[in-house]
Amino acid sequence: MSKGWILGHNEEDAAQNRVTLTKGETSDDYILFYQQTCDVPAIPNDFGRCDVVYRGEPNEKIYRFETSSSFLPSSIYTEGLGTNVGQVRLVSQRGEMLYAIVRMYGKIIEDNTES
């Protein structure tokens, strides 16, 4: 990826089947729930994979995934926006290493009025 840019994916992006490049800005009312570094060495003629899963408390809702990567993954799969369980799967380019930082942001819901 271009230096300094972060790949973001939130509910609005999902509704429009897109991703957004940002400089790391996120809504002030979002909390960083989880962060994990994926560091997968290159595998000759094969793809490296990294799965990141966060299981939050029942009153936590994930509203944003961010991925910053030194080497552009060939695919990024996300699941769990609007729930308390988020999953991001990164797959490297064939024969390339995979190094990325995955972050999951959201809100703590105090009552059941927001979903």
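Points to keep in mind about this one:
- The one condition in (1) of a type outside the set (Asp, Glu); (2) at pLDDT below 70; (3) farther than 15 Å from Met104 by Cα that Gly24 fails to fulfil: (3)
- Residues being out of contact with any Ser or Thr (no Cβ under 9 Å at 6 or more places or on another chain), farther than 30 Å from Ala42 by Cα and assigned to a loop (DSSP other than H, G, I, E, B) - total across the stretch 91-115: 6
- One residue stands out in the stretch 42-95 among those that are touching a residue at least 60 places away in the same chain (Cβ under 8 Å) and among the aliphatic types (A, V, I, L, M): the one that is farthest from Ile31 (Cα to Cα), namely Leu72.
- Hey, Val85 over 10 Å from the mean Cα position of the chain (by Cα) and at pLDDT 95 or above or not: yes
The values are calculated or read from the model by the stated rules, or taken from the named source; none is laboratory data. It should be emphasised that the depicted structure is a prediction, and the values quoted were computed from it without experimental measurement. In this analysis, Cβ positions are derived from the backbone assuming ideal geometry, glycine residues included, and neighbour counts consider all displayed protein chains.
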